[in-house]
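The values are calculated or read from the model by the stated rules, or taken from the named source; none is laboratory data. In this text the structure is predicted, and so the values were computed from the model without any measurement. We place every Cβ from the backbone using ideal geometry, glycine too, and count neighbours over all the protein chains shown.
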């Protein structure tokens, strides 16, 4: 109704003009009479009345015309017939716009507003400067240009962003009502191996450790914003040993700053050392069932992790370049090549000391420098060098140094669906210098310095949505020793091939074949081992996304 | 010495003028296109996802961290479409200017009524978005709201050019209002018709133009088409005389072709993103293309 009146108002000037044009012809004589100062007679009044009457009728006729047009338009109007959330009737806003638009515009046909989709935000703005919107593009109106059914409410200030999100609640599940991501990840494997000591052939603690079924990694993961300054992460791993007893590991639990200046970030708690590509990641993200030999034998079956602190700095360069520096206690089996008393207090045949840190030299110091470049729109390269330096427990002043270099190349199609297809090539090389001392109380007759090195290189090909084929080569060279007969000091290599099907990103099924070759050394004879694994995984709940 | 000083001063001026432009990062090409409409030559826009790739699964490339670190503004969907790749980037970005709550952060879904919000969030239903369907920019009325939101953000960050941004928004609004007449008229003859899509990305487009895009080649969002489901779709298409199947650049077109040949329907290549189809470097051109392609297929 309001719209109609506005319309009428817009049309009125035109109507009056045409009425004035008509008037002189109809009654040219009375007009001069009025202009003359002669007193008004009853006839004059009558004549005037007639004029007014005719004017009123003209206006009425025009109004009717407008009404008819309106009705016709409404019939044609799409919104009226839409079965979906109704668009409003031609709204006052639209009317206001029209009134501002120069009269004689094409009348409304298709709505250009829809309050059912968009908040009233646009509405006030539209009416506040109608001239701007109307003058250069006169054809407004018609199709609704607003829709309150799609746009909800005016953002009062832009700073109050996010539907129900706040700083302490950046990661959401179930419609943004939770403070953190919580997920459970179950990783299982059915294993067959020609070796009876699979727990020795497989070097990772979360790898299959026995023929038959294995449940080595059932993991609870939590992450979320602690407050405006910190984010928190925790991974609690439940592991069933070969006697089906449950072991619990606090694999990671740390906090991390979110808004330090100068591109700095600090992290503190229990965490994986940022050494190379694979070490900082959790087994369920791995592309193979098991740990590469070099990772398991140098950084340890559980990876290099521990309680400590880490600082990182992304350099102000045009490409991605980051320096990371961490310090950890490096004590126990998760500091494998460092202050690790070993099983039954033996490491590399030495009786180990197990002592408090004497000073800074007894911590593990872990620097890393990584750089990434885009070779093209679809190709990315990431290369890094890492180090880990500290003491070990095989002698009074025995030191360990591990150096690493890693390289990742990834191609992903510019028309990727679900992240497929892609090709990824990842390689890590490590060199370890290990001073094996005389053991506790100088009980071992010789001191040796081992120069060990190893690498793995793997290519994975996501050839079809959900399907990945992979191939990996492993080699570890352990310096031969006439004094140390530790089983882990056997040089060896391995070839692996696998095929993985991801029904979705929350589940996977993987078949892998391994061929292991263990080389002869002073104490051990050569052997060849074949293994087959069927691995499966599920993820429940909200699992935080992974880094590149 | 003077020469050196002169060079230095020109360098500094260059640096300053370069800095005068707002650095804007948009997660998706549609937001990037709107940012360009509003920002014009006063902003540098970097878009993370490619228009031709599946925006649910974008690699969190390290170079994105660099773009985000240098950003004065970040425009993201805010409706969990980028859930798989934006959070790890932001964790490593360390840029307080683009935190949620700052004027430098625009979450496009703010103020938008998302459609198809699931009452019961279960992954048994496939790749369901808890906050509702996040493919909303293809509704031009919603695009206007996002553009306005972007203009407000730019004006707050760069008050000197506020009038410029406001003016560009008004221009964009008027263009869309005018174009809506054209688009609405072009699709008016097909009102109420059913259209098949590969993935459920088009409820907002359908809503706007009175179409029913409610049959999908995917049995559930994100789940690849199965033969039994396709047989059902073919039967439905025959029964309802459906004439068009919408596919996006990253979808397996062969599957759609198969269904099309079994039903006599046409495969129509669509994209949610400017740049996803040839000749669609702006938002308006994209919708132009979508409307004309669909109208041609439905004729």
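Can you confirm whether residue A:474 is touching a helix residue (DSSP H, G or I) at 6+ places or on another chain (Cβ under 8 Å), surrounded by fewer than 20 Cβ atoms within 10 Å (Cβ to Cβ) and either free of Cβ contacts under 8 Å to residues at least 60 places away in the same chain or over 25 Å from residue B:225 (Cα atoms) (or both)? Here the answer is no, as residue A:474 does not meet what is asked. If you go through the range A:469-493 and keep only what is within 30 Å of residue A:447 (Cα to Cα) and in a strand (DSSP E or B), you end up with A:474, A:475, A:476, A:477, A:492, A:493.
Inside the range B:181-205, residues that are within 13 Å of residue B:244 (Cβ to Cβ) and buried (at least 22 other Cβ atoms within 10 Å of the Cβ) make up a count of 7.
Could you please give the count of residues in the range A:189-200 that are outside any loop (DSSP other than H, G, I, E, B) and surrounded by fewer than 23 Cβ atoms within 10 Å (Cβ to Cβ)?
Here the count works out to 6.
Between A:488, A:480, A:452, A:516, the distinction of being touching a residue at least 40 places away in the same chain (Cβ under 8 Å), more than 14 Å from chain B (Cβ to nearest Cβ) and more than 18 Å from residue A:204 (Cβ to Cβ) belongs to A:480 only.
Residue B:135 passes every criterion in (1) more than 7 Å from chain A (Cβ to nearest Cβ); (2) part of a helix (DSSP H, G or I); (3) more than 20 Å from residue B:39 (Cα to Cα) apart from (2).
Only residues that are in contact (Cβ under 8 Å) with a residue 24 or more places away in the chain and more than 20 Å from residue B:283 (Cα to Cα) were counted in the range B:201-213, giving 2. Scanning the range A:259-295 for residues being out of contact with any strand residue (DSSP E or B) (no Cβ under 6 Å at 6 or more places or on another chain) and surrounded by fewer than 22 Cβ atoms within 10 Å (Cβ to Cβ) gives a total of 8. Residue-level check: of (1) out of contact with any strand residue (DSSP E or B) (no Cβ under 8 Å at 6 or more places or on another chain); (2) away from chain B (no Cβ under 14 Å); (3) part of a loop (DSSP other than H, G, I, E, B), residue A:344 misses just (3).
From the list A:336, A:298, A:325, A:363, pick out the single residue that is surrounded by fewer than 21 Cβ atoms within 10 Å (Cβ to Cβ), away from chain B (no Cβ under 14 Å) and modelled with pLDDT of 95 or more. Testing whether each residue is surrounded by fewer than 21 Cβ atoms within 10 Å (Cβ to Cβ), away from chain B (no Cβ under 14 Å) and modelled with pLDDT of 95 or more leaves just A:325. For residue B:252, the conditions (1) in contact with a strand residue (DSSP E or B) (Cβ under 6 Å, 6 or more places away or on another chain); (2) at pLDDT below 95 are fulfilled apart from (1). Could you tell me whether the range B:155-175 includes any residue that is in a loop (DSSP other than H, G, I, E, B), at positive phi, surrounded by fewer than 22 Cβ atoms within 10 Å (Cβ to Cβ) and more than 9 Å from chain A (Cβ to nearest Cβ)? No, because not a single residue in the range B:155-175 is in a loop (DSSP other than H, G, I, E, B), at positive phi, surrounded by fewer than 22 Cβ atoms within 10 Å (Cβ to Cβ) and more than 9 Å from chain A (Cβ to nearest Cβ). Considering the conditions (1) within 13 Å of chain A (Cβ to nearest Cβ); (2) out of contact with any strand residue (DSSP E or B) (no Cβ under 6 Å at 6 or more places or on another chain); (3) under 23 Å from residue B:271 (Cα atoms), residue B:37 is excluded by exactly one of them, (1).
Would you mention how many residues in the range A:303-322 are assigned to a loop (DSSP other than H, G, I, E, B) and buried (at least 23 other Cβ atoms within 10 Å of the Cβ)?
Adding up the residues that qualify gives 2.
Applying the set (1) in contact (Cβ under 8 Å) with a residue 60 or more places away in the chain; (2) buried (at least 20 other Cβ atoms within 10 Å of the Cβ); (3) within 9 Å of another protein chain (Cβ to nearest Cβ); (4) part of a helix (DSSP H, G or I) to residue B:150 leaves exactly one unmet item: (3).
Per-residue answers, yes or no, for (1) in contact (Cβ under 8 Å) with a residue 40 or more places away in the chain; (2) closer than 30 Å to residue B:62 by Cβ:
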{"site": "A:378", "(1), (2)": "no, yes"}
{"site": "A:386", "(1), (2)": "yes, yes"}
{"site": "A:391", "(1), (2)": "yes, no"}
{"site": "A:415", "(1), (2)": "no, yes"}
{"site": "A:419", "(1), (2)": "yes, yes"}
{"site": "A:422", "(1), (2)": "yes, yes"}
{"site": "A:434", "(1), (2)": "yes, no"}
{"site": "A:464", "(1), (2)": "yes, yes"}
{"site": "A:469", "(1), (2)": "no, yes"}
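Residue pairs whose Cβ atoms lie under 9 Å apart, sitting 6 or more positions apart in sequence or on different chains, and linking a residue in the range B:106-129 that is over 25 Å from residue B:75 (Cβ atoms) to a partner that is in a strand (DSSP E or B), are B:123/A:504; B:123/A:540; B:126/A:504. A single member of B:58, B:66 is over 16 Å from the mean Cα position of the chain (by Cα), within 11 Å of another protein chain (Cβ to nearest Cβ) and without any contact (Cβ under 8 Å) to a residue 40 or more places away in the chain, and it is B:66.
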